[in-house]
1. Roughly how many whole Å is it from the C-alpha centroid of the stretch 251-311 to that of the stretch 390-407?
2. Residues of the stretch 183-212 with backbone nitrogen within less than 17 Å of a virtual label 7 Å along the Cα-to-Cβ line of residue 45, please, listed as ranges.
3. Is the stretch 67-152 best put as rounded, prolate or oblate by its Cα gyration tensor, with a ≥ b ≥ c the root eigenvalues, rounded for a/c under 1.5, and otherwise prolate when a/b is larger than b/c, oblate when not?
4. Counting other Cβ atoms within 10 Å of each Cβ, which GluC sites (Glu not before Pro) in the stretch 213-293 have at most 11 and sit in a DSSP loop?
5. As a check on your grasp of the helix formula, calculate [θ] at 222 nm for the chain: sum -39500 (n - 2.57) over DSSP H runs of n ≥ 4, divide by the residue count, round to the nearest 500.
6. How far is helix 22-32 tilted, in degrees, relative to the longest principal axis of the Cα atoms in the chain, given as a value from 0 to 90 rounded to the nearest 10?
7. Using a/c under 1.5 as the rounded threshold, could you call the stretch 344-417 rounded, prolate or oblate? The axes a ≥ b ≥ c are square roots of the C-alpha gyration tensor eigenvalues, and prolate needs a/b larger than b/c, oblate otherwise.
8. Taking R0 as 22 Å, what FRET efficiency do you get between residue 351 and residue 217 from their Cβ-Cβ distance, rounded to the nearest 0.05?
Amino acid sequence: MRPSLAAIAAELQGYDPQALRVDEVNAFLSRLAEPVTGHEHIDLFQSLGRILAQDLVSPISVPAHDNSAMDGYAFRGATLLPDRALELKVVGTALAGVAWRGELGPGECLKIMTGAVMPSGLDTVAPQELVTLKDEHIIIPAGVLRLGDNRRFKGEDLAEGQAALLKGERISPAALGLVASLGIRQLPVFRRIKVAYFSTGDEILSLGEPPREGAVYDSNRYTVFGLLTKLGCEVIDLGVIRDEPALLEAAFAEAAERCDAIITSGGVSVGEADFTKAMMKKLGDVAFWKIAMRPGRPMAVGRIGNALLFGLPGNPVAVMVTFMAFVRPALLQLMGSTAPSLPLLKAQSLETLRKKPGRTEYQRGIVSNAADGSLTVRTTGNQGSGVLSSMVQANGLIVLHHHQGHVAPGDTVDVMMFDGAI
């Protein structure tokens with residue numbers, strides 16, 4: 001049985017929904033988001049970005065044989081002398097994909113290509129650029145090689161029976177190549193989660209509607225659509241829902257019936273003149289939070305039916321920041337991922353950043369490389385939560401932590417990069 005919000009809150013020391021720290025929000029959501037269980041087998045070409053549903057055990061050793069790491073000459077390394085060049089006669093050629101079946105006598109070697117199987121008894125490869133050719137012989141200078149150099153061992157990458165990938169890993173381009181190297185054509189992956197999204201408010205215009213005084217075009221639906229699509233979710237767009245109880249109830253009911261998660265924007269702040277909060281309370285187990293952060297202070301979380309609910313603020317930048325900070329890691333956990341949160345990088349601030357302790361601030365930043373290779377960061381300027389253009393200019397968020405105060409030029413700050421997220 002899934003725990004109630006009250007049960008989760010009881011596990012968190014000092015839980016106060018009216019003054020939550022960022023780390024407390026993520027601790028709460030990590031208990032709320034339970035991974036889906038359904039999975040399917042799909043072709044390797046369709047598996048990029050999906051989450052592995054069980055450990056993948058290697059059916060073979062990779063490489064399958066000892067082989068040469070480069071083009072050169074294979075020989076018995078025991079014949080090397082520390083203070084004298086070694087001269088060997090070349091008696092054949094070993095090609096990649098074709099095992100050489102001959103035998104070598106004393107003072108002999110074999111020309112060998114990269115990836116070719118090392119014949120029995122040979123254990124060292126002299127790169128072709130290190131040797132001197134003399135008729136049908138090679139001369140290896142003294143001191144340039146040691147026994148076993150340039151030889152790859154059977155199972156050096158993966159041994160038969162070893163776990164190649166672990167349950168919960170997200171399939172990357174590198175993982176595709178690794179799986180293909182094992183001769184595996186299909187992977188068991190968790191099913192895609194379905195996420196419904198809609199905007200709320202009578203002041204919201206859909207694209208195609210004529211402008212009117214006091215109204216704004218809905219940007220949040222498109223931003224969240226992009227964030228969810230990049231994450232690998234199946235997105236169900238329910239459009240803009242007006243502040244009418246019957247319409248809101250129908251939208252929430254449809255979303256809860258069809259989806260694993262619901263995301264809304266707007267209608268969760270104190271004093272907002274709409275029915276969104278009331279409908280959330282009526283239909284589900286929902287908590288309304290004030291988070292010690294900027295931007296993005298108000299947020300609603302909970303469940304309606306079996307669907308997770310994330311009620312985000314209405315301001316465009318606040319929607320993106322709260323998604324990256326809270327919703328993205330929670331949805332990844334729901335998807336079955338065991339990946340850690342986006343890592344924070346260290347960068348040197350190029351300007352003064354004003355901040356009072358007592359809340360976490362996410363300022364839009366432009367991260368660059370300094371001449372010495374270290375990272376530097378400056379803000380995009382205006383940090384208003386409605387300045388959506390600043391999110392386009394930025395390539396990361398400067399994370400100023402809860403207890404942190406003003407930052408002086410040259411101070412080191414944490415940065416959450418956008419690559420892979422937006």
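No value in this document is a laboratory result; all are computed from the given coordinates. Quantities reported herein were computed from a predicted structural model and do not represent experimental measurements. All Cβ positions, even for glycine, are placed from backbone atoms using ideal geometry, and neighbour counts span all protein chains on display.
1. 26
2. Taking a point 7 Å out along Cα→Cβ of residue 45, the residues of the stretch 183-212 whose backbone N falls under 17 Å are 183-187.
3. On the way: a/c = 1.59, a/b = 1.41, b/c = 1.13.
Prolate is the answer for the stretch 67-152, as a/c is 1.5 or above and a/b outweighs b/c.
4. Working: sites: 213, 234, 249, 254, 257, 272; in loops: 213, 272.
Counting only loop positions with at most 11 other Cβ atoms within 10 Å, the GluC sites (Glu not before Pro) in the stretch 213-293 are 213.
5. Details: 9 runs with 80 residues, N = 422.
Value at 222 nm, helices only, nearest 500: -5500 deg cm²/dmol.
6. Relative to the chain, helix 22-32 is tipped by roughly 80 degrees.
7. Values: a/c = 1.77, a/b = 1.10, b/c = 1.61.
Since a/c reaches 1.5 but b/c is at least a/b, the shape of the stretch 344-417 is classed as oblate.
8. Numbers: r = 32 Å, r/R0 = 1.47.
FRET efficiency, residue 351 to residue 217: 0.10.
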